[in-house]
Amino acid sequence: MNILMVASECVPFIKVGGLADVVGTVPKYLKRLGHDIRIILPKYKAIDGKKFNLQTLPFRLSVQVGKSNENFRIKKCVTEDKIEVYFIENMHFFNRAGIYGEGGLDYNDNKERYIFFCRTALESVKALMFRPDIIHCHDWQTGLIPAYLKTNLKNDGFFWSTSCVFTIHNIAYQGQFGASTVEDAGFSWKDFTSEKLEYYNNVNFMKCGIAMADAVSTVSPTYAKEIKEFNGRGMEVVLKSRHDEVYGILNGIDYDYWNPLTDKVIASNYDKNNLIGKILCKKDLQKICGFKICDNTYLLGCVSRLDDQKGFDIIVDALYNLKDFDMQFVVLGSGSNEIKKKLKGAALNIPNKIAVFFDSNETLAHKIYAGCDSYMMPSKFEPCGLSQMIALAYGTIPIVNRTGGLSDTIAYYNHFTKEGNGFVFNITYGENFVQTILKSYKIFKDKQNWNTVILNALSSNFSWDKSVLEYENMYNDLITSKLKETVFIRS
Ligand code: ADP
């Protein structure tokens, strides 16, 4: 089948969070299943045209955004896996220092930027003569695509066989703008209804995606339940109206990339048959952090967007509460200045035990995943979370709050049965991160048990193989019902 992925991030080109990992990895697996899959992204300034050998295609196209006619070009490259990736180039909207904003603030024309992106994606497939069976849209930035297909393009023959999937990676970011968006995006006011574009007298891109895609998915089964019941940030009713069409498909990770046996940037390679390399990685990380080098000291880390979602208030609280224990902490993150200030304060107050790096640094991220004993992830909510799966792949033990995808991937280590790959607490039930770290510390001191939990972590498997089949099934169901619909209309 012909599949088009439309997203605002994708590894290796541009990454802010886990969305990029997913959009960069799922196509590889779909390609292996024999599908013709292509990707459309904005050509952000940070995407290095030379490095990726981007070629400009001969089209000169334009779309309307508000009152202005915006020109764009399409650039193209072909990945190692032979996937064609197209980039929408427009200097005004995408040739900026940031992706969604700068200095902690969103760009004030994000509405126009992503109206533009949605319209250009649909125009581009026509220009490219690539007729998709499935358009798979990701997060609010692409939420208007299902809306265009169900309204302005409803009778457009080019898309007669196209079904649209909308995947929610994080429902906290919705892209909500005033009612004038209807005109800015070129919709008709007759579609400004609660079933279609309208949301409390605004246009909410996420709601458009949920309400008008042929199927909706999110990135873990538990998050799919949570957002329908209580964690949907106002989208509960819209989600419930989709009944069984909201799928929870667990994200996976790319084990070709996150592999301690072949990882080229960590100090020493290892796997479950030989863990000496992990000790060397710990030494290397302790050196980088300026810590005492000692294998018996409990080293905990985290690589994350600095955002309240990730529970940094809980982490900072733990840093102070655990300062008298033989523990070290390393945090790599970029994002909120407020959180940076708190982390920096803790590092200054508790010398030689806390290292903080405020950067987006892939190499250091690998070294943290490999070198730490445990991985801190007390997220308040977590659609899926890739970091805990990456930590498992490196035998680094996640300590997580029981929410969303963390519930689906981490099971409490039981030292009687020797089962479990991490340590879990439940904020909702008043359970405590510090106490959970102390319980894990007790196991850490018991080398035999600790070795077992490391082996359990290394044996956990969240590869994309199974999840991609679930996507494929969902696509097939949509194509089948589209065919039935067409036969019905024609007969
Ligand atoms: P989210 O998508 O909410 O940010 P995930 O756990 O799903 O969280 O994915 C985060 C991804 O981004 C992981 O691959 C993680 O290693 C990476 N990451 C986060 N912050 C940084 C950083 N400062 N430097 C390098 N990688 C980072």
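Checking every one of the trypsin sites (Lys or Arg not before Pro) in the range 96-165 against DSSP loop status and a limit of 14 other Cβ atoms within 10 Å picks out K154.
Expressed as a whole number of Å, what is the distance separating the alpha-carbon centroids of the range 265-330 and the range 92-158? After rounding, the separation between the Cα centres reads 40 Å. Label sites at Y320 and T193, each approximated as a point 7 angstrom past Cα along Cα to Cβ, lie 5.5 nm apart.
Placing unit charges on the Cβ atoms only, positive for Lys and Arg and negative for Asp and Glu, gives the range 339-399 a dipole magnitude near 360 debye about its Cα centre.
Convex hull volume of the Cα atoms of the range 276-462, normalised per residue: 107 Å³. Charge tally around V11: other residues with Cβ under 10 Å, Lys/Arg +1 each, Asp/Glu -1 each, net -3. Once the Kirkwood radius over Cα pairs is known for the range 350-441, the Stokes-Einstein relation at 20 °C and 1.002 mPa s delivers a diffusion coefficient of 154 µm²/s. If one computes P(r) from the Cα atoms of the range 184-247, what percent of pairs lie at distances over 14 Å? The proportion of pairs with Cα distances above 14 Å equals 56 percent. Quarter the surface of the alpha carbon convex hull of the chain and you get the mean projected area, 23.3 square nanometres. Counting only DSSP beta bridges whose two residues both lie in the chain, roughly 30 percent are antiparallel. For the range 43-122, GluC sites (Glu not before Pro) meeting the loop criterion (DSSP other than H, G, I, E, B) and having at most 11 other Cβ atoms within 10 Å: E80. Dividing the summed helix terms, -39500 (n - 2.57) for each DSSP H run of n ≥ 4, by the number of residues in the chain produces a 222 nm estimate of -11500 deg cm²/dmol to the nearest 500. The range 179-220 and the range 45-85 have Cα centres lying 26 Å from one another.
Read the figures in this text as sums done on the coordinates, not as results from a lab. Treat the numbers as computed from the prediction; the structure is a model and nothing was measured. Reconstructed Cβ throughout: ideal geometry from the backbone, glycine too, with neighbour counts over all protein chains shown.
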